[in-house]
Amino acid sequence: MSGLKSLFKQTFVYGIATVLPRMLSFILVPLYTSEGVLSSVAEYGKVNIIFSYFVLFNVILAYGMETAFFRFFNKEEDRETVTGTSSIALVISSFMFFALAMLFQNQIASLIDIDVTYINLVIWILLLDALVIIPFAWLRANQKPMRYAIIKILNVAINLGLNVFFLLGLKELAVQGSMFEGIYKPNFEINYIFTANLIASGVTLLFMLPFYFRVKFNFNKGLLKQMLKYAFPVLVAGIAFSINETFDRILLDKLLPSNVAETDIGMYSACYKLALFMTLFATAYRLGIEPFFFSHAKTENPQKNYALILEFFVAFGSVILLGVVVFADVLKVIVIRSEDYWEAMWIVPIILLANFCLGIYHNLSVWYKITDRTKFGAYVSIIGAVITLVLNFALIPSMSYKGSAIATLSAYAVMMLLSYAFGRKYYPIPYNLKKIGLYMSVSILFAFVSFYRFRGNYFVGIALLIVFLGIVVISEKNQIKQFLKK
C-alpha cells in the first residue's frame, strides 16, 4: 500500500504537469470558438487538421526511445551510458529530420495540401520538441517531478499568454497605432497560433539545455541496437495510436465534400475536447504508473499492486465518464462559446467511453513492457489502426463525424480486450473482474440513459450519478479505510 501512496503522490505532480499542457488545448477552445477570433468554424477545422499531422510526426521523431530509455535505465547498471546513448541518438535523428523536412517543405505542403508557411513553423516546433524528449524522461526516471512540472507549466503559460496576445491583444494595440502596428497582420490567425507554440517550445528547450551540459555523452553501439530493437515495436504502436487518435480528422478532410469538410472537422474537434477530462485523467495516471511499473517489476508479488491500480483507475474513470456526460450541456456553454459548433455534441459520450477504454488499455499494457514483449503492443495497436481506418472509410461518407466517433470507440475497445487476453497468457494479473465489470457496465448504462434518453433532465442525471458514487464508495470502503490509515 505504501508503494501505491508513492504512486499517487507522483501521479498528482505529474498529473498537474501533464494536465496543464493538455488543458492548454482545452482552455484555448473558448478563445478559438469565440466570435471574431477565427473567421469561421472551418478555420478551426484547419488548425485541427495541422495538429493531427503534428501528433503523427511527434511519434515518428521519438521512435519509441522514451519508453526504451525507461526500460534500460532501470535495467542496466551503467545508467550514464543509457542516458548518453539515447541522447546522442535522438539529437542526431532530430537534426537529420529537420534538414530533410526543410529541404522538401514545398513538396510536403503540396502532398498534404497545407500552406507551406504553416509547414515551416511545424518543422521548427517538431525539432524543438524532439530535443527535450530524453531530458524530460530523465527527470521522470530520477524522480524529479517538481522540476518536470515547473518547466511544463511554464511552457503552457507562455503558449497561452501568446495565444491571447496574438489573437486578442495585438489587433487592438495595432488599431491604436502603437509600435505593434507593424507586427500585426490581418487574417494571420493560424500563423499566430503556431508562432505561439514555437516560442513556447524554444523557451522550454532553453530550460532543458543544462541537461545536455551535465550528461556524459557515453555512447554504446551495442546498447543502442538493443534499445532500438526494444523501441521499434513501441514506434509502430505509436504510429498506430496516432492513427487512432487523430487520423479521423485527416480522413474527414479527404472523404467529405470540400465545401463541408473543414466545418465538420471544426465542430467535431470542438466537441471532442469535452472528452479531455477523461484523457487528462488517463494520461496523468499513465505518467505516474510507467516508472512505477518498471521500478516494482522485481519486487515480491507486484501483480497484486498492478491489479489494485487498474481497479482504482476504473472506479475513478467511471465517475468521470458519468459526471461529464450528465453535465455535458453545462460544459459546452463554458468551453465551446459559439452555437455553431454544438451540432456535434452527439459524439461526447462515445468519445469519452473510447478514451476510457484507451486508459484501461494503458494500464493493461504493463505485461508486455515488463516482459519485454513490446511487439505485442505493436500488434494490438496495428489491429486498432486497421479498425480505425476501415470503419472511417466505411462510415464517414454516410455518417460524417459520427462514423469517426464510432470507429474510435470500436478500435480502443478491441485493443483493450486484446491486451487483456494476451496478458492472461503471458503475465497473469489477478484483476478483480467483478468489480471492474460492475463499475464499467453501470457507469456506461447510466451515461447513455442520461444523455440519449434524459438529456437536460438534471434530476435524473444527478440521481444516477449519486447512485453510482454510492456503489463505488460501498464497494471500495475497505480499501479507502486502509489507504487513509497508511
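The values are calculated or read from the model by the stated rules, or taken from the named source; none is laboratory data. Predicted model only: the values in this text are computed from it and were never measured. Please note: Cβ atoms are built from the backbone with ideal geometry, for glycine as well, and neighbour counts cover all protein chains shown. What goes into the accessible areas is simple: the full protein's heavy atoms, side chains included, and nothing from ligands, DNA or RNA. Shrake-Rupley method; radii C 1.70, N 1.55, O 1.52, S 1.80 Å.
Quick one: divide the alpha-carbon radius of gyration of the stretch 267-420 by 2.2 N^0.38 Å and tell me what you get.
1.14
Gain in length, VAL473 to LEU417, computed as 0.36 nm per residue apart minus the alpha-carbon separation, to one decimal in nm?
The VAL473-LEU417 span can extend by a further 17.5 nm.
Of all accessible surface on the chain at a 1.4 Å probe, what whole percent is carbon and sulfur?
Heavy-atom surface of the chain belonging to carbon and sulfur, 1.4 Å probe: 65 percent.
Report the extension gain between VAL460 and ASP372 in nm, rounded to one decimal, defined as 0.36 nm multiplied by the number of residues separating them, less their alpha carbon distance.
Full extension from VAL460 to ASP372 adds 26.9 nm.
Report the longest stretch of the chain that contains none of the GluC sites (Glu not before Pro) sitting in a DSSP loop with at most 10 other Cβ atoms within 10 Å.
By the stated rule (loop sites, at most 10 other Cβ atoms within 10 Å), 78-299.
Once the Cβ-Cβ distance between LEU173 and VAL333 is put in as r, and R0 is 35 Å, what FRET efficiency do you end up with, to the nearest 0.05?
0.70
Over all directions, how big on average is the projection of the convex hull of the alpha-carbon atoms in the stretch 359-451, in square nanometres?
Details: hull surface 27.3 nm².
Average projection, Cα convex hull of the stretch 359-451: 6.8 nm².
Once fully extended, how much extra length lies between LYS75 and SER93, figured as 0.36 nm per residue of separation less the alpha-carbon to alpha-carbon distance?
4.1 nm is the gain from fully extending LYS75 to SER93.
What aspartates and glutamates does LYS254 reach when the alpha-carbon gap must be under 17 Å and sequence neighbours fewer than 8 apart in one chain are set aside?
GLU43, ASP113, ASP115, GLU245, GLU262, ASP264
If you average the C-alpha positions of the stretch 60-138 and of the stretch 190-255 separately, how far apart do those two centres end up, in angstrom?
5
Using only alpha carbons, build the gyration tensor for the stretch 37-190 and give me the equivalent ellipsoid semi-axes, biggest first, whole Å.
35, 21, 13
Charges at C-beta only: +1 for Lys and Arg, -1 for Asp and Glu. How large is the resulting dipole of the stretch 354-486 about its Cα centre, in Debye rounded to 20?
Using only the charged Cβ atoms, the result is roughly 420 debye.
In this model, which of LYS152/LYS185; LYS152/LYS229; LYS304/LYS425; LYS273/LYS332; LYS75/LYS152 are farther than 21 Å apart at the alpha-carbon?
With Cα atoms farther than 21 Å apart: LYS152/LYS185; LYS152/LYS229; LYS75/LYS152.
Send over a whole-number figure in Å² for the accessible area per residue of the chain, probe 1.4 Å.
44
Restricting things to alpha carbons, find the Rg to Rh ratio for the chain using the Kirkwood radius for Rh.
Taking Rh as the inverse mean 1/r over Cα pairs, Rg/Rh reads 0.96.
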